[in-house]
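Reviewing the structure listed below.
The values are calculated or read from the model by the stated rules, or taken from the named source; none is laboratory data. Everything numeric here is computed off the predicted structure, so don't read it as measured data. Here Cβ is always computed from backbone atoms with ideal geometry, including for glycine, and neighbour counts include all displayed protein chains. Each accessible area value is taken on the protein alone, full model and side chains, heavy atoms only, with ligands, DNA and RNA left out. Shrake-Rupley method; radii C 1.70, N 1.55, O 1.52, S 1.80 Å.
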Amino acid sequence: MTGVVEPDGVEAAFVDDIEGDVAFGLEEVNAVLAGLVTVHAQRRRRDAEILAARLGVTGEPPQTLAAIGARFDLARDRVRQLHTRTVGQILRETHLGGAERAVFAERYPLDARDSALVGRLLAETYATDADLAANELAFLKLRLAGHTAEDAKRVAGYVMQRIMGWQKKTNRRLAALHDEPAATAALDVLWPRVDWPEPGRQPAPLPSASARVVDADDDQRGRFYLDKVGRDVGFDSALRARLLLTLNAGEQVRTFQEEPMAISYRFGEQTHLHHPGVAAELVDGRVVLIDVQPLGHVGFEINRVKAAAAREHAHANAWGVLIWTGSRTGVAELRDRTVDAELEQQLTELVAAGPVRQAVLRELHHEAGLELLDLAALTLRHGWRWDRMTFTISAAA
């Protein structure tokens, strides 16, 4: 992807296609983190839920402290205290097995230079849409890999410095950026992926304000002025900022509204609210609701439920709907991805016999070459259920 900004060094991770950073090893890291949260929930359920929401271990993006506080009726500083306490308890009480420790040690080696660790952690942050919790995630990953608290704190600080520096640069320099040919070319790739409703109905008008009210002005969020809408626009991550900048420069887009609505959906036994990323009105009068789901996350069951709810809501408004993956590879292209036929057959038979757990998937990765995007493709193609918290694949209910 070009035409947004071309920085040097690790900052290139903020604008590159994320496909190259979607890795099986990273998902194993997230699975171990999710397992630790699940174990802690047996003792302190609320604290574990706060940690899960902050770190995004369910497969959804991390939430701001303000949003978590609103959910649990807690002050933002109290949420921070509980999060810090829970992380400390997990680090004191956790004794990872050899295989689990190796998952972290291989990705964040003790003998790696700070610059290498920062580069990897930044790339992971961008590829998973996790900027809001970059500091917490970086610190926890490094500590579980065996780094000292001092070293982990230093490297996590460097990660945040890079992100904050990029946000300030965005505020100063990118607001005036107008690379219409590049943005238009990028959008030309996206529009064929839009799921449009049945023709013949007038699309509902764009809302005039964001439906996100609890933490819309949270100081953890980045902000920049975009001239197409004539105001400051907030964003939670570089991935989302890239989408907004592309819409702002693309000649096919007349205007847009970020987080235009709150959509209710059920997952498990709970009802949740989801704020899709942006609704864009095109110059021909059509409207498309664009939801942000990183490429490596579109197969997770919770994100498929959210996508279905967004589609229903968009079509009820006579709007199209599109999932922005941060990649030239969209959901349809991922579903059609070529996977070794023998590997696909083997995994299909395993899923038919019962839930396939992380240990089996790890074996298929190391011995048969199963990659994370292969797993996502097969999940979409066969309609399997991918539970991120337990890293299991099972047949649809």
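Over the Cα atoms of segment 184-302, the radius of gyration divided by the Kirkwood radius equals 0.95; this is the Rg/Rh ratio. Every Cα-Cα pair in segment 12-71 was counted, and those over 16 Å apart are 54% of them. Name the lysines eligible as straight-distance cross-link partners of K228: C-alpha to C-alpha under 23 Å, and not fewer than 8 places from it in the same chain. Qualifying lysines at Cα under 23 Å: K168, K169. With a Förster radius of 41 Å applied to the beta-carbon distance between K169 and Q270, the computed FRET efficiency rounds to 0.60. Taken along the Cα-to-beta-carbon direction at a fixed 7 Å, the label points for A105 and A149 span 2.3 nm.
With the Cα gyration tensor of segment 175-242 giving a ≥ b ≥ c as the square roots of its eigenvalues, does the rule (a/c under 1.5 for rounded; else a/b larger than b/c for prolate; else oblate) give rounded, prolate or oblate? Oblate, since a/c reaches 1.5 and b/c is not below a/b.
Accessible-area rank, largest first, for D219, D195: D219, D195, with all protein chains present and a 1.4 angstrom probe. Residues whose amide H lies under 5 Å from that of W324, counting only those 5 or more places away or on a different chain, are D291, V292, Q293; hydrogens are built 1.01 Å from N in the peptide plane. Enter the Cα centre distance for the pair segment 61-138 and segment 278-322, rounded to the nearest angstrom. Cα centres, segment 61-138 to segment 278-322: 28 Å. Checking (1) 42, 25, 19; (2) 100, 28, 20; (3) 32, 26, 21 against semi-axes √(5λ) of the Cα gyration tensor in Å calculated from these atoms, the matching label is (3).
A Förster radius of 22 Å combined with the Cβ-Cβ distance from V229 to E180 puts the calculated FRET efficiency at roughly 0.85. If you take the alpha carbon atoms of segment 240-317 and fit the smallest convex hull around them, that volume is 91 Å³ per residue. The modelled label-to-label distance between R43 and H366, using points 7 Å beyond Cα along the C-beta direction, is 2.9 nm. Taken along the Cα-to-beta-carbon direction at a fixed 7 Å, the label points for A353 and A341 span 2.2 nm. The 1.4 Å probe gives accessible areas that order D114, D284, largest first, as D284, D114.
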